[in-house]
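Notes follow the structure.
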Amino acid sequence: METFWYIALSFMFIMYVILDGFDLGAGIVHFWVGRTEGDRRIILNAIGPYWDGNEVWLIAAGGTLYFAFPKLYAASFSGFYLPLILVLWVLILRALGIELRHHVQHLMWKAFWDRTFSVGSLLLTVFLGAALGNIIRGVPLNQDGYFFVPLWTNFLPGPHPGVLDWFTLLFVAVAVSTLTVHGAHYLAFKTGGELQQRAARVAGRAWWGLTVCSVLALVATPAVRPGFWARFGEHPWGGAFVLLSLAGWLGMYAFNRKGEHFRAFLASAAFIAGMGAVTAFAHYPVTLYSSVNPAWNLTVHNTAAGAYGLKIGLLWWIPGILLACAYFAYLFYIFRGKITSVPEDAGY
Amino acid sequence: METALTLHRLQFAFTIMYHYLFPQLTMGLALLIVIMKGLALWKKDELYNRSARFWAKIFAINFAMGVVTGIPMEFQFGTNWAKFSTFAGGIIGQTLAMEGVFAFFLESSFLGLFLFGEKKLGPRGHFFAAFMVFLGSWLSGYFIIVTNAWMQHPVGYSLDAEGQVHLTDFWAFLLNPWALWQYLHNMLGAVVTSSFVVAAVGAFYWLTGQHLEYARRFLRLGLASAAVSSLLVAFPTGDMQGKMVAKHQPVTLAAMEGLFQTKEGAELILIGQPDMENLRIDNPIHIPNLLSFLTYHRWKAEVKGLDAFPRDVWPDNIPLLYYAYHIMVGLGTIFIAVAALGMLLWWRQRLFDSRWYLWIVMLSFPFPYIANTAGWMTAELGRQPWLVYGVLRTADGASPLVSGGNALFTLLGFMGIYATLSLLFVFLILREVSHGPDHVQQPLP
């Protein structure tokens, strides 16, 4: 039962990164791809109906984590106290950037919120990357199952690391480059004309950055987390996730060159899903490594809620997620098609 | 540790009180927008459609504020209250996750459709989208109330040998009797807020002689729903909620009412100051025997006072609890009077000539916000010193490794950011109101 919830949670977090990833990525390339005020209006309208729902995946995943693995939720949220509160503040400002921009027709007002949105998107991506790096590296969990990490210490991954060190910064670079590509792919398939071409060019260039960062991260991971690949030896079927990432990686390059923007977008989604699944698969059953003493690792077994609660959760979680997927399919269907121009005072 | 605990409590109190300014409007307004869309369909009155579009803009701004200030609430269970989360996450996490899975997905998807899809959906489809937004926000409210109700009156759980709680009866938890009354009471409170806001904007337009046809509709709809909801919020829902407190938290009832000594035929104190040194109410104005009657329907029934309970289970801030409760009840009574007066004037067909009354309506809208906030303060202060009533003390729930300095830093940060939000919010709302309902009236693509 714990294993089911581990998979369900991995699924929800991966969905979150794929979905919110495209609007975060659109924010990162907001000024790079959107040269004029009109361009930026199109970008915001391209993510307009979706971004809020995308963010709900994070909230729902957080809630599911809370109920299925309460101890893990408590330990990680209190341990990452400072970065998480900063995330909250950035989330607030970024959301305001999207929501408030169109309310006032004044260039300074729009320029201000455009920057808030773009910088906010970049910062959130930085935090996502740092979070992934921290999960792989481990944190100073004590025997009670709690920890507290400062934002940085000496930038080295040791027994008492900070949130940021060279290893987690490497994952920050992976996250930023990946979501840059992903967001640019999204804009390329959702828009037309010059904007589309610029987005495709940005995606093509950022793909090289993504490749370099991913290779470096791949080399560094076994050095910081020895035995990362051990489970793939025991259960070779996990290799399918590696193949998925590889296919996504190649697909991004190939489809973007051919101008098949929707497929390129699917490829970057596959890359994210593959990388997420590889990490989740490699870690199981550990959910959070202790950098102090391996005996104090948090696992799916020592953090899970009671058996009855986990079982009854299936009753609502499965229909609930199916419903959510149905809403998303309907939403994407209703607002399908390219956005090429937006009147000045409409929508976002 | 003592100061860290106080700061954790202050931060949660501050962020949740600020957050709840927005949902109380959106939950009530969602209902009123559905009514406007329904009236537009039924009476074929385009002005109701236009009204709905105007209020949808106000709704959208409030909704965005509610979302961005709501996410910190879920986070803070983990960041600031880690021991509580470890203890109770397996239970209250159920409803918090259900809120995300059932309510938020529904709300966010259909709000996008409602705000941007009027042309694509057609009138009936658009009505349906409005209804789904309403359903989503009211579902969301239910899950939150069930969460809070379990902390007020824990049911359907067992304690294991390690002192850990486990869910044992999902349906008892979800259908907690405390939750049912608290939910109705709370949602009607939200309807009161939105009714007074709609009526106040109508009164403003009427008094300034603009958008008169909208002003009539806002005033009629706002006052009618204010009359119904302010009555229902007091009786039966407030009354039943009070009986729940009397039954399951008798010490809280005694503190709320300022009853220091156990008494047969206890008086109801209308006004007076709790004196914690001498354990009595100073300068009381009271009605003899009424508290006994309201609680047990017998004039001479015995009501337990604070002296019947050991001091370590007394709520830890009795004056604040007492004042919050009395402010809520006092304002609730005034709302009934204001709304009833409006109904009377409407019936005598003098509503739109009574400028003095419309001034009262226009200036009344902040008070339901105060009443709702005071009501929640009553619930939360009344639960003290417990985090989960009778099971886990507040002092045992905070994060062990988050220092007071960190909590102070983030509390001040929240205050700064929320002050900025307030400025933006007031600016945008005043702008929408001054533009009026005829601004940007072609349905969006």
- Message: Just to be sure before I move on: is A:GLY145 within 17 Å of A:GLY25 (Cα to Cα) and buried (at least 20 other Cβ atoms within 10 Å of the Cβ) in the structure I sent?
- Response: no
- Task: Check off (1) more than 9 Å from chain B (Cβ to nearest Cβ); (2) touching an Asp or Glu at 6+ places or on another chain (Cβ under 7 Å) for A:GLU37 and give me the number that stays unchecked.
- Result: (2)
- Query: When you go through (1) surrounded by fewer than 23 Cβ atoms within 10 Å (Cβ to Cβ); (2) more than 9 Å from chain A (Cβ to nearest Cβ); (3) of a type in the set (Val, Ile, Thr); (4) closer than 20 Å to A:PRO49 by Cβ one by one for B:ILE33, which number turns out not to apply?
  - Reply: (1)
- Query: Would it be correct to say that B:ALA200 is closer than 24 Å to B:PHE22 by Cβ and modelled with pLDDT of 95 or more?
  - Reply: yes
- In the set A:ALA95, A:ALA74, which member is within 18 Å of B:SER85 (Cα to Cα) and within 9 Å of chain B (Cβ to nearest Cβ)? A:ALA74
- Could you look through segment A:45-66, keep only residues that are at the interface with chain B (Cβ under 8 Å from one of its Cβ atoms) and aromatic (Phe, Trp, Tyr), and pick out the one that is farthest from B:ASN80 (Cα to Cα)? A:TYR50
- Task: State whether one or more residues within segment B:108-122 are among the aliphatic types (A, V, I, L, M), within 22 Å of B:PHE75 (Cα to Cα) and assigned to a helix (DSSP H, G or I).
- Result: no
- Query: Taking segment B:332-356 on its own, how many of its residues are surrounded by 20 or more Cβ atoms within 10 Å (Cβ to Cβ) and either under 17 Å from the mean Cα position of the chain (by Cα) or among the aromatic types (Phe, Trp, Tyr) (or both)?
  - Reply: 2
- Do we have any residue at all in segment B:255-264 that's within 23 Å of B:MET187 (Cα to Cα) and touching a residue at least 12 places away in the same chain (Cβ under 8 Å)? yes
- Working carefully through the options B:ALA374, B:ALA395, find the one that is at pLDDT below 95, of a type in the set (Gly, Ala, Ser) and either under 30 Å from B:LYS83 (Cβ atoms) or touching a strand residue (DSSP E or B) at 6+ places or on another chain (Cβ under 8 Å) (or both). B:ALA395
- Only listed residue being in contact (Cβ under 8 Å) with a residue 12 or more places away in the chain and in a helix (DSSP H, G or I), chosen from A:LEU244, A:LEU315, A:LEU322: A:LEU244
- Message: I'd like to know if segment A:330-343 contains one or more residues that are under 30 Å from A:HIS103 (Cβ atoms), β-branched (Val, Ile, Thr) and surrounded by fewer than 19 Cβ atoms within 10 Å (Cβ to Cβ).
- Response: yes
- Item | Among (1) more than 14 Å from every other protein chain (Cβ to nearest Cβ); (2) surrounded by fewer than 22 Cβ atoms within 10 Å (Cβ to Cβ) - the single one A:HIS103 does not satisfy | (1)
- Query: If we keep just the residues of segment B:265-317 that are in a loop (DSSP other than H, G, I, E, B) and of a type in the set (Phe, Trp, Tyr), which is modelled with the lowest pLDDT?
  - Reply: B:TRP299
- Query: For B:HIS326, all conditions in the list (1) in contact with a Ser or Thr (Cβ under 6 Å, 6 or more places away or on another chain); (2) in contact (Cβ under 8 Å) with a residue 24 or more places away in the chain hold save one; what is the number of the exception?
  - Reply: (1)
- Item | The lone exception for A:GLY209 - which of (1) modelled with pLDDT of 90 or more; (2) surrounded by 16 or more Cβ atoms within 10 Å (Cβ to Cβ); (3) within 12 Å of A:VAL278 (Cα to Cα) it fails | (3)
- Of the residues that make up segment B:1-8, is at least one within 12 Å of another protein chain (Cβ to nearest Cβ), in a helix (DSSP H, G or I) and surrounded by fewer than 19 Cβ atoms within 10 Å (Cβ to Cβ)? no
- Item | Yes/no for B:SER194 being under 30 Å from B:ILE360 (Cβ atoms) and either assigned to a helix (DSSP H, G or I) or in contact with a Lys or Arg (Cβ under 7 Å, 6 or more places away or on another chain) (or both) | yes
- Please find, among B:VAL133, B:VAL165, B:VAL155, B:VAL146, the residue that is of a type in the set (A, V, I, L, M, F, W, C) and within 9 Å of chain A (Cβ to nearest Cβ). B:VAL165
- Name, by its number, the condition in (1) at pLDDT 90 or above; (2) within 13 Å of chain B (Cβ to nearest Cβ) that does not hold for A:GLY276. (2)
- So, in segment B:84-108, of the ones that are at the interface with chain A (Cβ under 7 Å from one of its Cβ atoms) and more than 24 Å from the chain's Cα centre (by Cα), which residue ends up nearest to B:ARG9 (Cα to Cα)? B:THR86
- Task: Can you work out which of the residues in segment A:136-168 that are in contact (Cβ under 8 Å) with a residue 40 or more places away in the chain and assigned to a helix (DSSP H, G or I) is farthest from A:ARG201 (Cα to Cα)?
- Result: A:ARG137
- Message: If I filter segment A:21-49 down to residues being touching a Ser or Thr at 6+ places or on another chain (Cβ under 9 Å) and surrounded by fewer than 22 Cβ atoms within 10 Å (Cβ to Cβ), which single residue comes out as farthest from A:ILE272 (Cα to Cα)?
- Response: A:GLY38
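The values are calculated or read from the model by the stated rules, or taken from the named source; none is laboratory data. Note that the structure is predicted; figures quoted are calculated from it, not measured. Positions of Cβ are backbone-derived with ideal geometry, glycine not excepted, and every protein chain shown enters the neighbour counts.
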